[in-house]
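> Would you mind keeping the following structure in view while I ask a few things?
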Amino acid sequence: MAKIEVKNLSMIYGGVPEKALEMIDKGLNNDQIRKQTKQVVGIKKVSFSVDEGEIFVIMGLSGSGKSTLLRCLNGLNKASAGSIIIDGKDISRVNPQELRTIRREKMAMVFQRFALLPHRSVKDNVAYGLEIQGIVREERYDKVMNVLTMVGLEAWADYYPVNLSGGMQQRVGIARALATEPDILLMDEPFGALDPLIRQDMQDELIEIQKKLHKTIIFITHDLDEALKIGDRIALMKDGEIVQMGHAEDILFSPINEYVARFVENVDRSRALTASSVMVKPRSVVYPKDGPRVALHVMERFGMSGLFVTDRNGVLIGYVLAEDAGRISDTGERQLDSIIIKEVPSVAPDTSLADILEVIAHTQIPVAVVDEQNSLKGVLVRGSVIAGLAGQRKEA
Amino acid sequence: MDLIPRMPLNHWTDIGINYLQLRFGNSFDSLSDFLENMIISLQDYLLLMPPALLITLFALLSWKFANKKVALFSIIGMYLIYNVGLWDATMQTLAMVIGSVALCIIIGLPLGILSAKREAAHRIISPILDFMQTLPAFVYLLPAVTFFGLGVVPAVIATLIFAMPPVIRLTDLGIRQVPEELVELGKSFGSTFYQMLFKIELPLARPTIMAGINQCIMLSLSMVVISAMIGAKGLGGEVWRSIQRMEIGTGFEAGLAIVVIAIILDRITQSFGKSNE
C-alpha cells in the first residue's frame, strides 16, 4: 500500500479558491486565471503516490510549484482542493490538533537554508522536535547523541550553528529531522545552498542513511543530476503540474515532450546512468566442465574473442580467451580450469557510468556486471556504454 | 471653507473627561493608590541601601553586561551625584524610571506580541501609538492631573504614554522579522502557539525588543524632567526649581545627574540585546 497518496491536489494563493478551481477545470492556463481572479495558481491537479521506503524526487525550475507542493504535504500550505492520504488518513481535512500530532510524529522537514535556531546549541537544535513533544531531558539527549553520531557530528554537540560550515549545518538539520523518528522526511532542496563538492558528499551520506533507516522521503531539487542520483522515482514539474513522472531512465530516454527533453539535454549521463541500464545480456557463457573445443565453437559462432565462465547457477567464475582455448585444445586438455582468468573486472548493477568508464579504460576484456551473490547479470561492452552516454536506449 | 460651523471639539473633550472622572473616579483613585505605593516603596528600598552598596552594585552590573570603562564611569558618575547632594533626588527619579519601565514592559510586551500575531490588533494598535507619540506631552499632563491629582502618579501615567510605544512597536517588529523558514520550522515540527512564541519568536526577536526597552528607558528619563511640572519630585524637580529661581549652577548639576544615570542605564541595557549572538 502506498505510504503517501496525493490525488488531484490543487492549491491557489490568495483569497477564495472556488472560482480559480472552476477555471482550472475549464482548462484555462495560469496566466488567464491570474488576470481574471488576481490569484496565483500554486499547484493544479497533482496526483502521485509514494511507497514506503521510497525516495520520491520532485524536480522543477523555481516557480514550478515544487516547494508549494511539499508544503501542502505537512499543511504549511493549505490545499485548496484534492486529498493527501498518508497511512490511510486524509491529512488535508484534519483539525489543528490532529495536524499537530501528525507533524510531531509522522513527518519532519529539512530546509534549504538549514533553519537552525541561532540561539540554541547544535544539541538543542536537534532536540527541538523532542522538546516540544515534552520528552524528558535525559531521554531527549540520548536520542540526540544517537542521531548526531549518525551524521558524524557528535563532537560538535555543544557548539552553536554560527561555528559550523554549511555542510555541517545541514547535517544538523538532517539530524533534527531524524531525531523524532518520523516515517516521512520532507526535504526542500536540502543541498541547494551547498558547494558542489560538499553537495555530493551529502548526497552520498543521505543515501547511506537511507540504506539504514528506510524512510519515505520526498526530496525537492532543481538539479537533475541530483534527482537522478538520489531518486527512486522522479516527478518533473512545470507551472504547478507534474509533466512527467517515472524512473530516472524513463525521463532520460523517453522524455514525454519538448520541455522534458530540453531539461534532460545537459544532464551528466555518466552519473545518471548505471551499469544495469547499459549492460547487454551475456550472449553465451561456458561452464568449467565444457572443454576448450566447446568454448572455441561458441566464440566462433558469435564472433567473440573470449567468453565468461559461470557455474550452473550463474555465479561468475572467470573468463577465457580464444587464444588460450586454442592452445590447450591442441594439447588435448579436456577441461577449461587451467586457463580461466579469475581476476575479471566486475561492477555492481547500480554502479554509475562514470565509475564504469574508469574500469573499462584499464582492461582489455569485457566488464562483468554481477549482483551481490556474484551471479552474472550482464556484460559491459564499449559500444553499449558509449551509446548510453550519447543518450540512446540500448538494444535489449 | 466656512460651510460647517466651528466644531466644539474642545467642549466635547471637556465633557468626555468630566464624564470619565465622574463615572470612573473611584477606580482611578484605587489605580492611583496602587501606583503611588509601588513607586514610593521602590524609592524607600533604594534609599534604604547605603549609597556605597548601590554604587558597587551598578559598577558590577556595568562590568558584567557592558565593560570596564562603563563600570569605572558609573563609579565616578554616581559618586559625583552623591557628592553634590543629589543622591535622594536621584533615587526618587530612579524609582520612577524603574517603575514606569516595568509597567511599560508588562503592558507593552503582550500588546506587541498581539500586534505581531493578529493583523486586526495591529490595525487598531498602530494608529493609537502614532497618536501617543505625536501628541505633545503637555496636552496629556493636564488631564492626568485631573484624574490622579498632583504628584508621582500622573507623572508615571504620562511616562507610560510617552515611553511605551517603542516597546510595543519593536516587539511587533522583532517578531515579524523572524525568518519565514524558522517559523515554518516551528510549525512543521508541530509546535503550539506558546512553544512558537517562547522557543522561537521571542528569543529571535530579543535584540529588537531590547532596543525597544532601551528606548523606553531613555524616554522615561526625559519625561522625568517634564513631569516635575506636575509635582513629581526627583532630579526633574531640582531642575524645575532651579529654572524658576534662575539658579543656573544647581540646574546644571541636576541635569548632569540625569545624563549620568541615562548613560549607565543605556550601556547596560544595550548590552542585553547584543550578548549571545
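> Mind telling me which of A:Gly63, A:Gly88, A:Gly134 comes out most flexible in a GNM of chain A, alpha-carbon contacts under 10 Å?
A:Gly134
> Here is a further query. First compute the accessible area of region B:145-277 with a 1.4 Å probe, then give the percent of it belonging to carbon and sulfur atoms.
Reported share for carbon and sulfur atoms: 66 percent.
> Roughly what would the spin-label model give for B:Leu31 and A:Ala193, points 7 Å off Cα along C-beta, in nm?
About 4.7 nm, to one decimal.
> Towards the positive end of the charge dipole of the protein assembly as shown, with charges on Cβ (+1 Lys, Arg; -1 Asp, Glu), say which of A:Met168, A:Asn30, B:Leu142 has the farthest Cα.
Of the candidates, B:Leu142 comes out farthest on the positive side.
> When we measure straight from the Cα of A:Lys212, which lysines land under 17 angstrom away, once same-chain ones fewer than 8 places off are left out?
Hits, sequence-local ones excluded: A:Lys143.
> Tell me, what is the FRET efficiency for A:Asp142 and B:Tyr79 to the nearest 0.05, using R0 = 35 angstrom and their Cβ-Cβ distance as r?
For R0 = 35 Å, the calculated efficiency reads 0.05.
> I'd like the mean, over residues of B:192-202, of how many other protein chain beta carbons sit within 10 Å of each residue's own Cβ.
Partner Cβ neighbours, averaged per residue: 2.
> Percent of accessible area on region B:1-77 owned by carbon and sulfur, 1.4 Å probe?
Using a 1.4 Å probe with all protein chains present, region B:1-77 comes out at 70 percent carbon and sulfur.
> Moving on to the next point. A:Thr149: accessible area at probe 1.4 Å, nearest 10 Å²?
Roughly 80 Å² of A:Thr149 is accessible to a 1.4 Å probe.
> From largest accessible area down, sort A:Val267, B:Val259; use a 1.4 Å probe on the protein chains.
From most exposed to least exposed: B:Val259, A:Val267.
> A further question follows. Search the structure for amide H atoms under 5 Å from the amide H of A:Lys377, placed 1.01 Å from N in the peptide plane, and list their residues when 5 or more places away or on another chain.
A:Val369, A:Val370, A:Asp371
> Across peptide A:118-126, how many C-beta atoms of other chains are within 10 Å of each residue C-beta, on average?
Counting other chains' Cβ atoms within 10 Å and averaging over A:118-126 gives 2.
> For region A:276-389, what is the convex hull (Cα atoms) projected area averaged across all directions, in square nanometres?
With the hull built on Cα positions only, its mean projection is 6.8 nm².
> Roughly to the nearest percent, how much of the accessible area of region A:276-389 is carbon and sulfur, given a 1.4 Å probe?
About 49 percent, which is the carbon plus sulfur part of the accessible surface.
> Could you pull out every residue, at least 5 positions away or on a different chain, whose amide H is within less than 5 Å of the one on A:Ser80? Hs are placed 1.01 Å off N in the peptide plane, and Pro or chain starts have none.
Those qualifying (amide H under 5 Å, at least 5 residues apart or on another chain) are A:Ser10, A:Met11, A:Ile12.
> In Å², rounded to the nearest 100, what is the total accessible surface buried by chains A and B against each other with a 1.4 Å probe?
2000 Å²
> At a Förster distance of 51 Å, what's the computed FRET efficiency of B:Tyr45 paired with A:Ser62, Cβ-Cβ distance as r, to 0.05?
0.25
> Could you derive backbone 3J(HN,Hα) for region B:11-21 from the dihedral phi with the Karplus parameters 6.51, -1.76 and 1.60 (θ = phi - 60°), listing whole Hz in sequence and x where the residue is Gly or Pro?
The phi angles translate into 5, 4, 4, 4, 4, x, 4, 4, 4, 4, 5 Hz.
> Could you work out the helix-only [θ] at 222 nm for the protein assembly as shown, with each DSSP H run of four or more residues adding -39,500 (n - 2.57) and the total divided by the number of residues, to the nearest 500 deg cm²/dmol?
-18000 deg cm²/dmol
> Could I ask something else about it? With a 1.4 Å probe and every protein chain left in place, work out the accessible area per residue of chain B in Å², rounded to a whole number.
Heavy-atom accessible area per residue stands at 53 Å².
> In the structure displayed, which of A:Lys45/B:Lys187; A:Lys26/A:Lys78; A:Lys66/A:Lys238 lie more than 20 Å apart, Cα to Cα?
In this structure, A:Lys45/B:Lys187; A:Lys26/A:Lys78 exceed 20 Å between Cα atoms.
> For labels at A:Asp355 and B:Thr192 in the simple 7 Å Cα→Cβ model, what's the distance in nm?
4.9 nm
> Still on this model: Starting from the amide H of A:Ile55, placed 1.01 Å from N in the peptide plane, find each other amide H under 5 Å away whose residue is 5 or more places distant or on another chain.
Result for A:Ile55 returns A:Ile217, A:Asp232, A:Arg233.
> So if we plug the beta-carbon distance of B:Gln244 and B:Ala120 into 1/(1 + (r/R0)^6) with R0 = 56 Å, what FRET efficiency do we get, rounded to 0.05?
Taking R0 as 56 Å, the efficiency between B:Gln244 and B:Ala120 is 0.70.
> OK, next. Scale the Cα Rg of chain B by the rule-of-thumb value 2.2 N^0.38 Å and send over the ratio, two decimals.
1.14
> Counting only other chains, and only Cβ atoms inside 10 Å, what mean value do you get across the residues of A:102-111?
Counting other chains' Cβ atoms within 10 Å and averaging over A:102-111 gives 3.
The values are calculated or read from the model by the stated rules, or taken from the named source; none is laboratory data. Everything numeric here is computed off the predicted structure, so don't read it as measured data. For neighbour counting, all protein chains shown are included, and Cβ atoms are generated from backbone atoms with ideal geometry for every residue, glycine included. Just so you know, the surface numbers come from the protein's heavy atoms only, side chains and all, with ligands and any DNA or RNA stripped out. Shrake-Rupley method; radii C 1.70, N 1.55, O 1.52, S 1.80 Å.
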